[in-house]
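Novice: Next up is a structure, given as structure tokens.
The values are calculated or read from the model by the stated rules, or taken from the named source; none is laboratory data. Everything numeric here is computed off the predicted structure, so don't read it as measured data. With ideal geometry, Cβ positions are generated from the backbone for all residues, glycine too; neighbour counts draw on all protein chains shown.
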Amino acid sequence: MPNKSPNQSRPHTGRAIWRGVRHLCPACGKGRLFSSCLKPVSQCAVCGEDYAHIQAEDGPSWLTILLLGPVLVPLTLFVTFSGLSIALVLSVAVVSMIGGVLLALPRVKGGFIGALWALGIRSGDR
């Protein structure tokens, strides 16, 4: 049974984002935010906060690209002009890009959900 109290204070936006980045409930910081790799829970098991109304949609994807672009583009250019074989260059580029996205996307999505929750933005609000 969730132990949500009516006078529980909401954390500020920065703290909610940081909790989301760590895959924790933005409200209490104790419950899990994701039930699997990128699927958010509909409700926190600890505090009972409802997350069914929050849909990050494409936001985490474009933010991940914006964050990884300045790192991966110079790395790819450096490896390309290093004089290595094309097979090695493609291997390094593909592993770097896929690895970077797999590491960053869940954290970015958690932070994005934390920001949406802290700002009170629900799906359908425009």
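Novice: Collect the residues in segment 49-59 that are hydrophobic (A, V, I, L, M, F, W, C) and more than 17 Å from ARG107 (Cβ to Cβ), keeping them in residue-number order.
Specialist: Across segment 49-59, the qualifying residue is only ALA52.
Novice: Have a look at LEU77, LEU103 and point out the one that is without any contact (Cβ under 8 Å) to a residue 60 or more places away in the chain, over 21 Å from TRP18 (Cβ atoms), exposed (fewer than 14 other Cβ atoms within 10 Å of the Cβ) and not polar (S, T, N, Q).
Specialist: Answer to the check: LEU77.
Novice: Then there's this: Among the candidates LEU24, LEU33, which residue alone is surrounded by 17 or more Cβ atoms within 10 Å (Cβ to Cβ) and in contact with a Pro (Cβ under 9 Å, 6 or more places away or on another chain)?
Specialist: Only one candidate passes the filter, namely LEU33.
Novice: Which numbered condition in (1) over 13 Å from the mean Cα position of the chain (by Cα); (2) surrounded by fewer than 19 Cβ atoms within 10 Å (Cβ to Cβ); (3) modelled with pLDDT of 95 or more is the only one that TRP18 fails?
Specialist: It is condition (1) that TRP18 fails.
Novice: Conditions: (1) under 25 Å from ARG122 (Cβ atoms); (2) in contact (Cβ under 8 Å) with a residue 12 or more places away in the chain; (3) surrounded by 13 or more Cβ atoms within 10 Å (Cβ to Cβ). LEU72 meets all but one. Number of the miss?
Specialist: Of the numbered conditions (1) under 25 Å from ARG122 (Cβ atoms); (2) in contact (Cβ under 8 Å) with a residue 12 or more places away in the chain; (3) surrounded by 13 or more Cβ atoms within 10 Å (Cβ to Cβ), the odd one out for LEU72 is (1).
Novice: Working only within segment 16-48, note down all residues that are more than 20 Å from LEU105 (Cβ to Cβ) and either in contact with a strand residue (DSSP E or B) (Cβ under 6 Å, 6 or more places away or on another chain) or in contact (Cβ under 8 Å) with a residue 60 or more places away in the chain (or both).
Specialist: ALA27, GLN43
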